[in-house]
Amino acid sequence: MHTRTVQQKKRELAEIAHRAFSGGLQSNTGGNISIRLENENACVIKPSGVGFAECSEENLMVVSLEGKVLEGSNLKPSKDMEFHIGIYRVRPEVNGIVHVHSPWATGWACVNREVPCLTVHSRDKLRRIPIIPVGPNEGPQTAEQVVGVFRDPDVKAATFQNHGTVGVGKSLLAALHIAELIEETAHIATVRAIVQ
């Protein structure tokens, strides 16, 4: 791997993670974020236990799309890693993934309701935000469940029942924009439900 490229991607991931944290999309250590390394069949990903606000070039992992740790073997891989690398395998145009527990959208997911795309912007950009049911024994969604939904090339966003949201994009910044739009859309839908 080209060291300069890896360091650049780590810096980019840390900057986007800090923005997600400061924007209130993630309280800190939950969720996950990753960026594909072009031409490397690998990605940079936040490990378990590292907060969004603490992401730095020194505490991020590099993993192959087969799940082998290439850098950061002293760190603990996130349980979300499998669905991140699974999405990269089935969606070659996706170069960034942002999974957060943003409060408005997660609130909709906790009552098992799909967030409606009410605005012109959300309908144009997202069309729909499918909800992925809980996993076995009411636990987290499995990688197979998540990847199954994202096999559809039109899906850019989803919510996870009782869990959070995920946005994908052609860049990590584009994926963050999707995560931000999911949360904005859920906030607007909640306000509409209250005032209707």
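Per 0.36 nm of contour for each residue apart, how much would the distance between E93 and T119 grow if the chain were fully extended, relative to their Cα-Cα spacing? Spell out each step's value before the answer.
Working: separation 26, 0.36 × 26 = 9.36 nm, distance 2.61 nm.
So the extension gain works out to 6.8 nm.
Fewest to most neighbouring Cβ within 10 Å: what's the order for T119, T106? Intermediate results must be reported in sequence, preceding the final value.
Numbers: T119 16, T106 21.
Ordered by Cβ neighbours within 10 Å, fewest first: T119, T106.
Counting only DSSP beta bridges with both residues in the stretch 3-195, the antiparallel share comes to about 90 percent. Sorting K10, K76 by the number of Cβ atoms found within 10 Å of their own Cβ, with the fewest placed first, yields K76, K10.
A Stokes-Einstein calculation at 37 °C with viscosity 0.692 mPa s, built on the Kirkwood radius of the stretch 89-174 over Cα pairs, returns a diffusion coefficient of 249 µm²/s. Rounded to whole Å, the principal axis extents of the Cα atoms in the stretch 1-109 read 39, 29, 22, largest first. Shown here are the Rg and Dmax of the Cα trace of the stretch 82-132, at 12.9, 34 Å. Ordering V120, V147 by the number of other Cβ atoms within 10 Å of each residue's own Cβ, fewest first, gives V120, V147.
Pairwise Cα distances in the chain exceed 20 Å for 51 percent of all pairs.
For the stretch 142-156, putting each phi into the Karplus relation 6.51 cos²θ - 1.76 cosθ + 1.60 with θ = phi - 60° gives couplings of 7, 4, 4, 4, 5, 5, x, 6, 7, 5, 6, x, 8, 7, 10 Hz, in residue order, rounded to whole numbers and with x for Gly and Pro.
Can you give the calculated 222 nm mean residue ellipticity of the chain, where each DSSP H run of n ≥ 4 adds -39,500 (n - 2.57) and the sum is split over every residue, rounded to the nearest 500 deg cm²/dmol? Could you put the intermediate results ahead of the total?
Values: 6 runs with 76 residues, N = 196.
Per the formula, -12000 deg cm²/dmol.
What is the list of residues in the stretch 101-134 whose amide nitrogen lies under 18 Å from a point 7 angstrom out from the Cα of D154, following Cα to Cβ? Output list for this probe position: 114-132.
Once you reduce the stretch 41-74 and the stretch 123-196 to the center of their Cα atoms, the two points are 23 Å from each other. Build a GNM of the chain with springs between Cα atoms under 10 Å apart, and of A109, A143, A179 the one that fluctuates most is A143.
Computed from the coordinates by the stated procedures, all read-outs in this text should not be read as laboratory data. What you see is a predicted model; the values in this text were computed from it and never measured. Cβ coordinates were reconstructed from backbone atoms using ideal geometry, including for glycine residues, and neighbour counts include every protein chain displayed.
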